[in-house]
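J.: Here it is, the structure in full.
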Amino acid sequence: MASDIDKKCRGTFWIVVAIMLLGVFVRGYSLDEHSMWFDEHAGVAYFDESEGLLSCLDEQFENRESPPLYFVILYYVNKCFEPSLLALRWLSVVFGVLAIPLMYLVATRVAGRTAGLVTALWLALSPIHIIHSQGLRPYPLMFLAALLSVYTFLRVIHNDGHPWWLLNILANTVLVWTHFFGCWLLFAE
């Protein structure tokens, strides 16, 4: 009996990994062929001209509608790798793909294993999620933080212990520092 459960868990793990690989493929396919949109350019225009992160943030965020966390991460990715549009876009791809197993966990917690797998597959193939996961905007990180927030909140309300409270606070902090719309999820929780 226990070995059947172990096989089922291992099988589920590999299915989720396969769905994630599918997500990497559809998000990474022809990623270098996309041109930069105006709002993407506005988000990264100061990286090369700035004298440092604080200078970049001063210039960039005078009239910004988004909090700075995503752009701080983007700044350091730009500094760590050869500055290129492709390297910057891969950051969003990574955030988008990491959302797939979290979607599985949330849906499994709410509706069971089969629903979790189907939901993860839907997210992996979702055209709107793919498009946002290929851009230089904070939406993939916001979605990832929102899923982590929901998952940790579900663990908290099922009395799974204090570490889930801490993770929930961390996820909500990342969420609010990524996009102001993240505040709505805080009110819902």
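J.: For ILE128 and ILE157, what is the calculated FRET efficiency with R₀ set at 35 Å and r taken between the beta-carbons, to the nearest 0.05?
T.: On the way: r = 29 Å, r/R0 = 0.82.
Taking R0 as 35 Å, the efficiency between ILE128 and ILE157 is 0.75.
J.: Provide the FRET efficiency to the nearest 0.05 for the CYS80-TRP165 pair, computing r from the beta carbons and using R0 = 25 Å. Show your work: numbers first, answer last.
T.: Numbers: r = 32 Å, r/R0 = 1.30.
Efficiency, rounded to the nearest 0.05: 0.15.
J.: Could you calculate the contour length gain from ALA115 to VAL17, that is, 0.36 nm times the residue separation minus the distance between their Cα atoms, to one decimal place in nm?
T.: Values: separation 98, 0.36 × 98 = 35.28 nm, distance 1.61 nm.
Taking 0.36 nm per residue and subtracting the Cα distance, the gain is 33.7 nm.
J.: Then there is this: Tell me whether the stretch 57-189 comes out rounded, prolate or oblate; compute the Cα gyration tensor, take square roots of the eigenvalues as a ≥ b ≥ c, and use a/c under 1.5 as the rounded threshold.
T.: On the way: a/c = 2.26, a/b = 1.42, b/c = 1.59.
The shape class here is oblate.
J.: Same structure, new question: Expected output is a single nm value to one decimal: the length gained when fully extending between TYR29 and ARG10, i.e. 0.36 nm times separation in residues minus the C-alpha distance. What is it? Present the calculation step by step, with values, prior to reporting the outcome.
T.: Numbers: separation 19, 0.36 × 19 = 6.84 nm, distance 2.83 nm.
The span from TYR29 to ARG10 would gain 4.0 nm if fully extended.
Just so you know, all these numbers are worked out from the coordinates, no wet-lab data involved. The model shown is predicted, which means the values in this text are computed figures rather than measured ones. Note that we place each Cβ from the backbone using ideal geometry, even for glycine, and neighbour counts take in every protein chain shown.
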